[in-house]
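Reviewing the structure listed below.
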Amino acid sequence: MTSAPTRKHLKSKALKADSRRPAKELCSECGLCDTYYIHYVKDACAFLNQQIAELEEQTHGRSRDLENQDDWYFGVHQSMMAAQKKEPIEGAQWTGIVSTIACEMLNRGLVEGVVCVQNTAEDRFQPMPVIARTPEEVLAARVNKPTLSPNLSVLEQIEQSGLKRLLVIGVGCQIQALRAVEKELGLEKLYVLGTPCVDNVSRAGLQKFLETTSRSPETVVHYEFMQDFRIHFKHEDGSIETVPFFGLNTKKLKDIFAPSCLSCFDYVNSLADLVVGYMGAPFGWQWIVVRNETGQEMLDLVNEQLNTQPVFSKGKRQAAVQQGIPAYDAGVTLPMWAAKLMGVVIDKIGPQGLEYARFSIDSHFTRNYLYVRRNHPEKLEAHVPEYAKRIVGQYELPKE
Ligand code: FAD
Ligand code: SF4
């Protein structure tokens with residue numbers, strides 16, 4: 001197993017200043033600009049041209065219904081459910097539903113290749129996008145590389161290798177750029193399996209997060225911000241360390257999130273055919289959002305391998321979100337005993353199921369709206385989608 005490098009080691013690898021990134025500091029390193037599709041960047045880049053509604057129309061046949069609050073939050077969808085693999089994949093981020101769907105699609109000949117992210121030989125968290133041609137190569141990409149990943153950097157290989165049927169696994173900003181250039185790829189069929197994504201970081205930022213938050217940063221193999229309001233770190237020896245969200249050193253950690261992620265309003269991956277996350281499901285379950293017929297076709301391939309249950313919604317998020325806005329701004333850190341107590345109380349009486357997902361979306365959208373308003377006021381109007389304006393409009397923001 002590869003180990004995590006130290007921050008010193010990473011300094012030499014710190015963000016490459018790259019003149020070929022028209023979005024400049026807002027670039028999420030999605031990889032498009034590493035290919036000749038950079039030609040389309042002004043139209044395709046999620047941070048230069050926000051066009052979620054148009055691309056929803058192109059992909060799903062309609063954009064969000066703004067009269068329907070579920071559409072504001074979860075995007076265009078046909079159905080949602082909570083699911084678990086009956087036999088989880090060892091070492092997957094959750095139970096491995098994403099990897100299982102990708103393997104089935106290859107095994108049944110629905111696709112010839114899968115764009116996914118393995119890690120480099122030296123560093124388990126350094127992303128290495130590939131086009132996997134076998135289930136073994138897909139499984140080698142299981143588990144999150146919780147860093148910005150240039151998934152689209154492999155797009156040129158599609159044309160070169162003559163691939164006609166492709167599955168792309170990716171997060172929202174990657175998928176927005178992909179959908180914008182989809183017609184240029186020469187594919188007969190593109191399937192998109194998305195995950196939600198929020199608060200991503202550069203590799204150096206990840207190291208700072210691990211060193212600030214975990215008792216043993218070098219042995220962390222996997223972590224997740226869970227629905228029980230704790231971060232769960234899994235270590236090499238299999239032990240689980242939990243740290244309450246409310247005990248995070250917000251002051252120190254405020255600057256680790258990538259500016260792209262602080263200005264993102266596509267948490268739920270609006271343009272994927274099928275989304276697999278966790279935040280709308282009970283603790284220990286994965287959350288599935290079927291956006292269109294293609295997504296349903298993909299889910300049907302693995303239905304027999306899943307335990308499922310309906311989604312539910314419990315609790316009220318609004319007061320907690322409203323209180324969190326000034327607290328985040330001020331970088332409030334609670335003493336650990338108070339943070340643990342607060343975590344326990346909120347876990348018992350706080351938002352659950354879809355209401356937890358709404359809590360997380362509201363908290364991130366209000367924070368990101370303030371970030372864009374303060375740092376890129378000229379972009380605010382066009383960059384924030386209408387559904388996000390409505391979500392943010394439910395809260396009182398600081399006057400500046
Ligand atoms: P696995 O079978 O383990 O497969 C994981 C897949 O993720 C692999 O195919 C791999 O190619 C892909 N992947 C790994 N790293 C990256 C990356 N950096 N960029 C793009 N693709 C990658 N879900 C939520 O509900 N809420 C969140 O806030 C949330 N944040 C996330 C942030 C990141 C950076 C990522 C990558 C995922 C996030 N997810 C989130 C999704 C969730 O953590 C799981 O990835 C998802 O539920 C699938 O679990 P699995 O066991 O089926 O995946
Ligand atoms: Fe290019 Fe992607 Fe960065 Fe936009 S986010 S500038 S498309 S690499």
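Here are some notes:
- Restricting attention to segment 102-116, the residues that are within 8 Å of ligand 1 (Cβ to nearest atom) and either over 12 Å from ARG133 (Cβ atoms) or in a helix (DSSP H, G or I) (or both) add up to 1.
- Index of the failed condition, LEU163 passing every other in (1) assigned to a loop (DSSP other than H, G, I, E, B); (2) away from ligand 2 (no atom under 12 Å from the Cβ); (3) at pLDDT 95 or above; (4) surrounded by 21 or more Cβ atoms within 10 Å (Cβ to Cβ): (4)
- For VAL268, the conditions (1) in contact with a Phe, Trp or Tyr (Cβ under 8 Å, 6 or more places away or on another chain); (2) more than 30 Å from ARG390 (Cα to Cα); (3) at pLDDT 95 or above are fulfilled apart from (2).
- Entry remark, segment 234-287: residues being hydrophobic (A, V, I, L, M, F, W, C) and more than 17 Å from TYR73 (Cα to Cα) number 13 in total.
- Failed item in (1) within 13 Å of ligand 1 (Cβ to nearest atom); (2) touching a residue at least 60 places away in the same chain (Cβ under 8 Å); (3) more than 15 Å from VAL268 (Cα to Cα), with TYR73 passing the rest: (3)
- Scan segment 179-203 for residues that are farther than 29 Å from ASP255 by Cβ and touching a strand residue (DSSP E or B) at 6+ places or on another chain (Cβ under 9 Å) and the total you get is 10.
- Residue within segment 254-267 that is within 11 Å of ligand 1 (Cβ to nearest atom), among the aromatic types (Phe, Trp, Tyr) and surrounded by 19 or more Cβ atoms within 10 Å (Cβ to Cβ) present: yes
- Residue, nearest to the chain's Cα centre (by Cα), within segment 42-57, restricted to residues that are within 14 Å of ligand 2 (Cβ to nearest atom) and either part of a loop (DSSP other than H, G, I, E, B) or of a type in the set (Val, Ile, Thr) (or both): ALA46
- The listed residue being part of a helix (DSSP H, G or I) and out of contact with any Lys or Arg (no Cβ under 6 Å at 6 or more places or on another chain), out of LYS252, LYS234: LYS252
- PHE209 being modelled with pLDDT under 95 and outside any strand (DSSP E or B): yes
- Residue match in segment 211-224 (condition: within 15 Å of ligand 2 (Cβ to nearest atom) and surrounded by 18 or more Cβ atoms within 10 Å (Cβ to Cβ)): no
The values are calculated or read from the model by the stated rules, or taken from the named source; none is laboratory data. Quantities reported herein were computed from a predicted structural model and do not represent experimental measurements. Note: ideal-geometry Cβ built from the backbone for every residue, glycine included; neighbour counts use all protein chains shown.
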